Amino acid sequence: MTVIDCHGHYTTAPKPLDEYRKRQIAALKDPSQKPARDLLKFGDDEMRASVASQLKFQRERGTDVTIFSPRAAGMSHHIGTAAVSLDWSQVCNDLIHRVCTLYPDNFIGVCQLPQSPGVQPDNCIGELERCVKDLGFVGCNLNPDPSGGYWTDPPLTDRWWYPLYEKLVELDVPAMVHVSASANPNFHHTGAHYINGDTTAFMQFLTSDLFKDFPTLRMIIPHGGGAAPYHWGRYRGLAQDMKRRPLDELLLKNVYFDTCVYHKLGIELLLKIVPIDNILFASEMVGAVRGIDPTTSHYYDDTKRYIDAADWLSEADRRKIFEGNSRKVYRLDRVAARHPAVA
Ligand SMILES: [Zn+2]
């Protein structure tokens, strides 16, 4: 079995990337600060050193390959213009491509999109196509709230988003619904904004006919689906009250959940509530929570351990969670030549 972690971020990129971003932001007020791409000409050794900790965690935890995207909080679509977002996305996606080229057995790319608040997301189509067609990426992160916690754009189910969905369907790649940093002090980014984003996306999908319009569109809701699995009865009941179809018909052919839930009982709840066909193994390593749980002496984000401990799972179900579902959702067969781990 190949263990595929469908949710990892390049949180360990070389430091000059931060400098590039700082200067990019400074250039919004003082154009002379605009950074040159030369700042990011990293040697292969520097690139290798930057993912050493990621590779070590893979080895220690027994995961084989990570579906890898730029740092989520770093996307910060609320900063600057769409042009700034495009430059920043290209830079970040190119670095993901470098990592995936250096370690094709360990990393498969997913891209950041150049979203910007108030800008219709068809501005992202060019970069999505470049990443999928030229760089061999297998999906994208889609920010449901480019404003960073103020929700100023239409819901994900609005026609505003449809041109981008048409391209996702044409390219046959999924989107992980993933917010970025919170610019609203009410919402801590990983503790509140992320989980709000996940839950909000689920409810938007529940109240819409998006998947009637796009029957092959695939969305992954990360962080275990936010609050949705824990409140499954509420969502089933709401759908029923609204005379919607049952959840399995309404959205479970299109919506998937990852396993970035950082305790055993939480994962068990996810595994028992959500159909196994809709669960993709992930850890969101390295990043959201970095410490060791004193009650177990293991890293909170070592999520494989929680699934391994669920000894009531059948072997077939375990295989789906660790490998089969990701293969299907990301159509990994298409990148098998580039990434032997999924051949
Ligand atoms: Zn993430």
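The values are calculated or read from the model by the stated rules, or taken from the named source; none is laboratory data. All of these numbers come straight from a predicted model, not from anything done at the bench. Cβ placement follows ideal geometry from the backbone for every residue including glycine, while neighbour counts extend to all protein chains displayed. For accessibility, only protein heavy atoms count, side chains too; no ligands or nucleic acids. Shrake-Rupley method; radii C 1.70, N 1.55, O 1.52, S 1.80 Å.
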In the set Ala201, Ala192, the lone residue that is farther than 23 Å from Asp248 by Cβ and within 16 Å of the ligand (Cβ to nearest atom) is Ala192
Would you check if Leu28 is more than 16 Å from the ligand (Cβ to nearest atom), closer than 29 Å to Trp151 by Cα, assigned to a helix (DSSP H, G or I) and modelled with pLDDT of 95 or more?
-> no
Could you say which residue among Leu265, Leu217, Leu238 is within 19 Å of the chain's Cα centre (by Cα) and not hydroxyl-bearing (Ser, Thr, Tyr)?
-> Leu217
Could you please find all residues in the range 219-234 being part of a loop (DSSP other than H, G, I, E, B), buried (at least 23 other Cβ atoms within 10 Å of the Cβ) and either among the β-branched types (Val, Ile, Thr) or within 16 Å of the ligand (Cβ to nearest atom) (or both)?
-> Pro222
Filtering the range 1-16 down to residues that are open to solvent by less than 20 Å² (accessible area, probe 1.4 Å) and more than 16 Å from the ligand (Cβ to nearest atom) yields Val3, Pro14
Mind checking whether some residue in the range 168-175 is open to solvent by less than 10 Å² (accessible area, probe 1.4 Å) and either away from the ligand (no atom under 16 Å from the Cβ) or of a type in the set (S, T, N, Q) (or both)?
-> yes
Selection status of Leu251, free of Cβ contacts under 8 Å to residues at least 12 places away in the same chain and away from the ligand (no atom under 16 Å from the Cβ) = no
Kindly check whether there is at least one residue in the range 57-68 that is of a type outside the set (A, V, I, L, M, F, W, C), at pLDDT 95 or above and within 16 Å of the ligand (Cβ to nearest atom).
-> yes
Lys243 fails exactly one of (1) in contact with a strand residue (DSSP E or B) (Cβ under 6 Å, 6 or more places away or on another chain); (2) more than 14 Å from Thr157 (Cα to Cα); (3) not hydroxyl-bearing (Ser, Thr, Tyr), namely (1)
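Residue-by-condition table, conditions (1) within 16 Å of the ligand (Cβ to nearest atom); (2) within 26 Å of Lys56 (Cα to Cα); (3) open to solvent by 60 Å² or more (accessible area, probe 1.4 Å):
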site	(1), (2), (3)
Glu268	no, no, no
Asp277	no, no, yes
Leu280	yes, yes, no
Phe322	no, yes, no
Please state which one of Ala239, Ala310 is modelled with pLDDT of 95 or more, over 22 Å from Ser208 (Cβ atoms) and out of contact with any Phe, Trp or Tyr (no Cβ under 6 Å at 6 or more places or on another chain).
-> Ala310
Matching residues in the range 70-85 - criterion: being within 15 Å of the ligand (Cβ to nearest atom) and in a loop (DSSP other than H, G, I, E, B) = Arg71, Ser76, His77
Scanning the range 282-320 residue by residue, those open to solvent by 40 Å² or more (accessible area, probe 1.4 Å) and touching an Asp or Glu at 6+ places or on another chain (Cβ under 6 Å) turn out to be Val289, Tyr300
